[in-house]
Every structure is written in C-alpha cells, then in structure tokens.
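Engineer: One structure coming up, written as structure tokens, with questions to follow.
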Amino acid sequence: MPLLSSHLLPSSPHSLHISQSQPDLWPWSSDQPQRQQGSSILQPSNVPRNWLNDFGLASNGSGRDRTPSYHTDSDSSILMSHIEKLKHDNKQLHKDLKSIKSKISLTQTEVSEIGKMIREMNVSLRDHDTVSNSDHLLLVPAHAKEDYPDIKFWTAKMYRAAKKNRNLTTSLVPAAIDTSGNIKTWYVETEKGEPVNAETVNAICTLAWTIWHELQLRGIAPTLWAKAGLVALNYYEHHMCQRFPQLSYCESNWKAHMIATNNYSS
C-alpha cells in the first residue's frame, strides 16, 4: 500500500497543490523508494474520504484508485453549445407541429368539400339513369282547347280570376270535401265542364301521395314542389294525367301541378 508522509498533509484538502517539480509530494510514485514502517507516515486509508473525493482520488469500488478528472472552460462551452442547439431544435419542432396541424385542418375541409361534390354528382347520375331507363322522358298529354269547348278554366289565369270572386281556397284535403261534393278543387272538370265528384277527388289525393312517396324512394323528391327537378315533374305529371285525364283538360296540365303545389309535403 502506498504511503503518504504526515508532515506533507495540509490543514485542509483544498490547500494541497500537486506539482511534478515536487516528487516527494507523490510518495507512491513508482520511482520513489518505499518508506520504512514505523516512520511518521499516514496510510491513504486513514485519509478522510471527502479529501480524496475533492481530488478525484477515491476508490471506484474495484480496488483501483481513479484518475483525477478535470472540467475545463472548453467543456463548458461545448455543453452550452449543445443546450442551445437543443433549444433551437425544440423551437423548430413546435413550429413544424403547428404547420402540420394547419395542413391537417385544411385537408379535412377539402375532404368535406370533395364529399359534398361526390354526393351531388351521385344525385345527378341517378337522375340521368332514371331518364335513360325511361326512354329519356315519359309521355304526357297535350290537348287543344278547341277539342274541349265546355271547359271553363283552361288556363290558370282564368281559374284565379274565378277563385277571387268565389273567395275559396284550393286545398286538396279529403276532410274538406263534404257530402255535397267537391267544394275545394272545383277547377278539376269533366269534359262537360262540371267539377269532378268527391270520390274522384279522394282518388286523386291518394294517387298524388303514392307518387310523392315513390319519388322519395328514388331519391328525387324535392323539399318544395317549386324546386322539383325535370325527372320528378315528368314522372308525376305522366302518372297523374294518365290515371285521371280530367287533370289534363287544360293548358300545360297545370291542374295536376296545382294539386301538388297546394298539398305537397316532403
């Protein structure tokens, strides 16, 4: 075990200075002779451990003394440089994250718009398919006024003028028809120019609701009848006038559409 002369120990470990010009201060150096037992020496094991820690000389647990470690200004400069770089990288990562979130939000908006366009295209294609499968458009009747001279309300304008005088409504509600006959839809006339009876009005009402339900199933039912598309209008007009020709004894089959205008509900 190397020995340390007791007269060389300072009053505190912080006042100890090791220099290569003073070899006697490093008594366990390999070029120094071993001191005799009994001389005034101090075993390193008796030196306070905190002194050895201060100089980096404490044992590392493997039975071998550590080499003293020193930190220079250069080491501190390198460490501070690494810290600054990490701060810069962290700031850049936050900026990148914010940019990515912004792009994600924009992408979601674009996806929503694309989805809306696809749905509109599907509706358009469905309408196109319906027209194609029906030989484009269904046939509707077109009569001439000269062939039905007894019809009083050939145009919608003629009916509105008469309605104003009678101060009546045109609601197609079966409950509004009493036993005396048709008092609400008197604009629907027979070939002789007489209002159709209550039973006919009920049948017209039932067919209208059936057709509107069919439009709903086909996905072409409008929210308002005024917004109905070409296919829906044609389908309704064709079936209503085919089943009840009284609705076609007028200009442009307006009587069939008047029923829908006054009573349609999506």
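The values are calculated or read from the model by the stated rules, or taken from the named source; none is laboratory data. Quick caveat, the model's predicted, so the values are computed rather than measured. FYI the Cβ positions are ideal-geometry reconstructions off the backbone, even for glycines, and counts take in every protein chain you see. Heads up: the accessible areas ignore ligands, DNA and RNA and are worked out on the full protein's heavy atoms, side chains in. Shrake-Rupley method; radii C 1.70, N 1.55, O 1.52, S 1.80 Å.
Engineer: So Leu207 ticks every box in (1) of a type outside the set (Lys, Arg); (2) surrounded by 14 or more Cβ atoms within 10 Å (Cβ to Cβ); (3) free of Cβ contacts under 8 Å to residues at least 12 places away in the same chain but one. Which box is left unticked?
Structural biologist: (3)
Engineer: Test Glu237 against the stated conditions and say whether it is surrounded by fewer than 16 Cβ atoms within 10 Å (Cβ to Cβ) and part of a helix (DSSP H, G or I).
Structural biologist: no
Engineer: Would you call Leu125 exposed (fewer than 14 other Cβ atoms within 10 Å of the Cβ) and modelled with pLDDT under 85?
Structural biologist: When the stated conditions are applied, Leu125 passes them.
Engineer: If a residue has to be open to solvent by 20 Å² or more (accessible area, probe 1.4 Å), closer than 17 Å to Asp147 by Cα and of a type in the set (Gly, Ala, Ser) to count, how many in segment 240-266 make the cut?
Structural biologist: Within segment 240-266, residues that are open to solvent by 20 Å² or more (accessible area, probe 1.4 Å), closer than 17 Å to Asp147 by Cα and of a type in the set (Gly, Ala, Ser) number 1.
Engineer: Can you find a residue in segment 210-221 that is open to solvent by 20 Å² or more (accessible area, probe 1.4 Å), part of a helix (DSSP H, G or I) and β-branched (Val, Ile, Thr)?
Structural biologist: Yes: segment 210-221 contains one or more residues that are open to solvent by 20 Å² or more (accessible area, probe 1.4 Å), part of a helix (DSSP H, G or I) and β-branched (Val, Ile, Thr).
Engineer: Here is a follow-up. Quick check on my filter: what residues within segment 172-197 are modelled with pLDDT under 90, out of contact with any Lys or Arg (no Cβ under 6 Å at 6 or more places or on another chain) and closer than 29 Å to Ala232 by Cβ?
Structural biologist: Leu172, Val173, Pro174, Ala175, Ile177, Asn182, Lys184, Thr185, Trp186
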